[in-house]
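Asks: Following this message is one structure expressed as structure tokens.
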Amino acid sequence: MAPKGKHIFGSVKVGAKGQIVIPKEAREIFDIKPGDSLLMLGDEDQGIALVKQELFLEFANDILNAKKIDEED
């Protein structure tokens, strides 16, 4: 049994054009809809990860705002 919030969705095949299909269960859990933009991150030792672009931008903005607050103090 996987830890809470951790998932294995199975394997996907890379097509001739380098495309993959995100499994339906993963799309449902992470609310990925047609037209959404995903950011692909990579680490040569650990592999790749897909993150919804909007969530990554929110995270980046939170970091920048926290830095501004620290600089003001």
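The values are calculated or read from the model by the stated rules, or taken from the named source; none is laboratory data. Fair warning: this is a prediction, and the values are worked out from it, not measured in the lab. Positions of Cβ are backbone-derived with ideal geometry, glycine not excepted, and every protein chain shown enters the neighbour counts. Only protein heavy atoms, including side chains, enter the accessible area calculation; ligands, DNA and RNA are left aside. Shrake-Rupley method; radii C 1.70, N 1.55, O 1.52, S 1.80 Å.
Asks: Convert each backbone phi in the range 39-55 into a coupling constant with the Karplus relation 6.51 cos²θ - 1.76 cosθ + 1.60 (shift: θ = phi - 60°), then list the ³J(HN,Hα) values in order as whole Hz, x for Gly and Pro.
Replies: Result, ordered by residue: 9, 9, 9, x, 10, 4, 8, 9, x, 10, 9, 10, 10, 4, 4, 4, 5 Hz.
Asks: So if I take the alpha carbon set of the chain, get Rg, then get Rh from the Kirkwood formula, what is the Rg over Rh ratio? Could the numbers behind the result be given before it?
Replies: Values: Rg = 16.3 Å, Rh = 15.1 Å.
Rg divided by Rh gives 1.08.
Asks: Just order 14-26, 50-62 by mean Cβ neighbour count inside 10 Å, highest at the front, would you? Display every interim value, and only then the final one.
Replies: Working: 14-26: 9.8, 50-62: 12.3.
The densest-packed peptide leads the list: 50-62, 14-26.
Asks: I've got another one for you. Keeping to pairs on different chains or 8 or more places apart, tell me how many lysine pairs in the chain have Cα atoms under 26 Å apart.
Replies: 16
Asks: Continuing with this model, one more query. Taking the mean number of other Cβ atoms within 10 Å as a proxy for protection, how do you rank 1-10, 36-45 from highest to lowest? List each step's numbers first, then the result.
Replies: Details: 1-10: 7.3, 36-45: 9.7.
Going from most to least packed, we get 36-45, 1-10.
Asks: For the chain, with all protein chains present and a 1.4 Å probe, just round the carbon and sulfur fraction of the accessible area to a whole percent.
Replies: Values: 3790 of 6910 Å².
Looking at the chain in its full context, I get 55 percent from C and S.
Asks: Averaged per residue, what accessible area in Å² does the chain show with a 1.4 Å probe, protein chains only? Spell out each step's value before the answer.
Replies: On the way: 6910 Å² over 73 residues.
Ligands and nucleic acids excluded, the figure is 95 Å² per residue.
Asks: In debye, nearest 20: dipole of the range 9-73 around its Cα centre with unit charges on the Cβ of K, R (+) and D, E (-)?
Replies: 680
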